[in-house]
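Colleague: Please find one structure pasted underneath; my questions will follow.
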Amino acid sequence: NNSSAPVRISIPYTPTAEELKDPEHLVIWYIDGSGNVIAVPSGRYDAKSGTVTFAATHFSDYAVAYVKKTFSDLSSVEWARQSIEVMASKGIINGTKAGAYSPAARITRADYLVLLVKTLGLTAKFEGNFADVEPNAYYYEALGVAKQLGLAAGTGHDEFHPLENISRQDMMVLTARALEKAKQLKASGDPAILASFSDKGNISAYAKASLAALAEKGLISGSGNKLNPQTPTTRAEAAVFLYRIYNQY
């Protein structure tokens, strides 16, 4: 057991015919001492090696499972359905209420960071946090990890404004920083890469290098040659973006 030294586990596994139809829904569960099931977000099936792999910071009882979660309100966002369903099955994202995901709703800065930390399996020991984050908040740990790793710096008053909606450019900036810290994302960050986007002039100066790095790696493509950097991010957009990150890293 060492939270600072995660190891990667690979277990030989032969999926059933049903599981092979949609192997992205093969997941790993951690069974705690009380018999509770806890999803391990990093669990996935690798067809090339015929194994299920996952990262762990402690040896315990684990199980391979096939989980296919869905929501009743995804018909308007078919372009995001696979992303939402897979990320929900992995235990990374949750619905807003029983059977609903609310894909068009805006996502807050705190909620996005919680999802980002889960997606990349980020951990860090920390003592302090942002001044506007209460210790009993469900996002306290994720924001503490983000601050410790330097993903988010906050404002001049050491505030993060966790309940504000996150813009698309801030979503991308936080993600680029996380990939740099955790996955050694290396890109030139040359703003010239953004020339193909017609609304590049709307990108804030502090965000240009991060967005350029993501574009260089093919992680953002825009919509109708626009990035819409100042637009609030929806829950559907966040799921699609994180799904792309999850699969590449």
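Colleague: Please go through the residue pairs LYS68/LYS118; LYS118/LYS226; LYS147/LYS186; LYS69/LYS226; LYS147/LYS226; LYS90/LYS183 and name each one whose alpha carbons sit more than 25 Å apart in this structure.
Modeller: LYS118/LYS226; LYS69/LYS226; LYS147/LYS226
Colleague: Let me ask you something else. If you take the charge dipole of the chain about its Cα centre, with +1 on Lys and Arg Cβ and -1 on Asp and Glu Cβ, which of ILE93, ALA17, SER34 is farthest toward its positive end?
Modeller: The Cα lying farthest towards the positive end belongs to ALA17.
Colleague: Given a Förster distance of 45 Å, report the FRET efficiency between ASP190 and ALA137 from their Cβ-Cβ distance, rounded to the nearest 0.05. Kindly include the intermediate steps, with their values, before the conclusion.
Modeller: Values: r = 38 Å, r/R0 = 0.84.
Here the calculated transfer efficiency is 0.75.
Colleague: Give me the number: length gained by fully extending LYS181 to THR155, i.e. 0.36 nm times residue separation minus the C-alpha to C-alpha distance, one decimal in nm.
Modeller: Details: separation 26, 0.36 × 26 = 9.36 nm, distance 2.07 nm.
Fully extending the segment from LYS181 to THR155 adds 7.3 nm.
Colleague: Next question, about the same structure. In debye, nearest 20, what is the charge dipole magnitude of the stretch 63-165 about its Cα centre with +1 on Lys and Arg Cβ and -1 on Asp and Glu Cβ, if you could check?
Modeller: About 500 debye.
Colleague: Moving on to the next point. Taking the Cα centre of the chain as origin, work out the dipole magnitude from +1 charges on Lys and Arg Cβ and -1 charges on Asp and Glu Cβ, in debye rounded to 20.
Modeller: Computed about the Cα centre, the dipole is about 540 debye.
Colleague: Determine the share of the chain's accessible area contributed by carbon and sulfur atoms, expressed in whole percent, with a 1.4 angstrom probe.
Modeller: 50 percent
Colleague: In whole angstrom, and with the biggest value first, how far do the Cα coordinates of the stretch 133-196 range along each principal axis?
Modeller: For the stretch 133-196, the Cα extents along the three principal axes come out at 43, 24, 21 Å.
Colleague: Under 1.5 on a/c is rounded, so check that first for the stretch 1-127, then, if it is not, pick prolate when a/b is larger than b/c and oblate when it is not; a ≥ b ≥ c are the square roots of the alpha carbon gyration tensor eigenvalues.
Modeller: Numbers: a/c = 1.97, a/b = 1.18, b/c = 1.66.
Oblate.
Colleague: If packing is taken as the mean number of other Cβ atoms within 10 Å per residue, what is the order of 52-59, 142-149, 37-44, highest first?
Modeller: Sorting 52-59, 142-149, 37-44 by mean packing, highest first, produces 142-149, 37-44, 52-59.
Colleague: Moving to a separate point now. Between 0 and 90 degrees, rounded to the nearest ten: what's the tilt of helix 78-89 against the longest Cα principal axis of the chain?
Modeller: 50 degrees
Colleague: Per residue, how much accessible area does the chain have with a 1.4 Å probe, in Å²?
Modeller: Details: 12430 Å² over 249 residues.
Value returned for the chain: 50 Å² of accessible area per residue.
Colleague: While we're looking at this one, here's another question. Please state the equivalent ellipsoid semi-axes for the chain: what are the square roots of 5 times the Cα gyration tensor eigenvalues, largest first, in whole Å?
Modeller: Rounded to whole Å, the semi-axes are 29, 22, 19.
Colleague: When the dipole is taken about the Cα centre of the stretch 128-229, and only Lys, Arg (+1) and Asp, Glu (-1) are charged at their Cβ, what size is it in debye, to the nearest 20?
Modeller: It works out to roughly 540 debye.
Colleague: If R0 is 25 Å, what FRET efficiency do you get for SER60 and SER10 from their C-beta distance, rounded to 0.05?
Modeller: Taking R0 as 25 Å, the efficiency between SER60 and SER10 is 0.90.
Colleague: Is the stretch 168-249 best put as rounded, prolate or oblate by its Cα gyration tensor, with a ≥ b ≥ c the root eigenvalues, rounded for a/c under 1.5, and otherwise prolate when a/b is larger than b/c, oblate when not?
Modeller: oblate
Colleague: I've got another one for you. Under the 0.36 nm per residue contour assumption, what length would be gained going from the current alpha-carbon distance of VAL67 and THR51 to full extension?
Modeller: 4.1 nm
Colleague: Here's a follow-up. So how much slack lies between THR123 and ASN94, counting 0.36 nm per residue of separation and subtracting their Cα-Cα distance, in nm?
Modeller: Using 0.36 nm per residue and subtracting the Cα-Cα distance, I get 8.4 nm.
The values are calculated or read from the model by the stated rules, or taken from the named source; none is laboratory data. These numbers were taken from a predicted model, which means no experiment stands behind them. Because the Cβ atoms are built from the backbone with ideal geometry, glycine has one as well, and the counts that use them run over all protein chains shown. The area values use the complete protein model at the heavy-atom level, side chains included, leaving out ligands, DNA and RNA. Shrake-Rupley method; radii C 1.70, N 1.55, O 1.52, S 1.80 Å.
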